[in-house]
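First the structure, in the form of structure tokens, and then the observations on it.
The values are calculated or read from the model by the stated rules, or taken from the named source; none is laboratory data. Just so you know, these numbers come straight off a predicted model, no measurement behind them. Every residue, glycine as well, gets a Cβ built from its backbone with ideal geometry; the counts of neighbours run over all protein chains shown.
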């Protein structure tokens, strides 16, 4: 299998054309779901903290603003399309939401590309 180009050269077409074996798809789905679960749990913890501090009805809207902002960020970040998973996993790895160990089972070229994106 050929190696992937450096991150700057790995455009949408190159990522879209990557082949994902059934085993890699299973690894990817499991890693993606774990990272998303971690993210949502962190949002719940923070929302509960903020909710506990609410003393006036007007303060409800701060909580709503926080939740709306986080939902938008999560919706943008967590896109389960094989054409962009390398980038998604790179971002999640860089942010600490996903470990390289959770990606074991992906081909070496995909792991290398994810590492490169994580370093950007």
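Yes/no per residue for (1) under 17 Å from residue 77 (Cα atoms); (2) at pLDDT below 95:
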position: 13; (1), (2): no, yes
position: 34; (1), (2): yes, no
position: 40; (1), (2): yes, no
position: 55; (1), (2): no, no
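Take the stretch 78-103 and flag every residue that is within 10 Å of the chain's Cα centre (by Cα) and without any contact (Cβ under 8 Å) to a residue 24 or more places away in the chain. Steps first, answer last, please.
Looking only at the stretch 78-103, we keep the residues that are within 10 Å of the chain's Cα centre (by Cα), and these are 78-80, 85-98.
The answer is 79, 95, 96.
Filter the stretch 25-43 down to the residues that are out of contact with any helix residue (DSSP H, G or I) (no Cβ under 7 Å at 6 or more places or on another chain) and surrounded by 12 or more Cβ atoms within 10 Å (Cβ to Cβ) and list them by number.
Taking the stretch 25-43 and keeping what is out of contact with any helix residue (DSSP H, G or I) (no Cβ under 7 Å at 6 or more places or on another chain), we get 25-26, 29-30, 32-33, 36-38, 40-42.
Residues satisfying the conditions are 25, 26, 29, 30, 32, 33, 36, 38, 40, 42.
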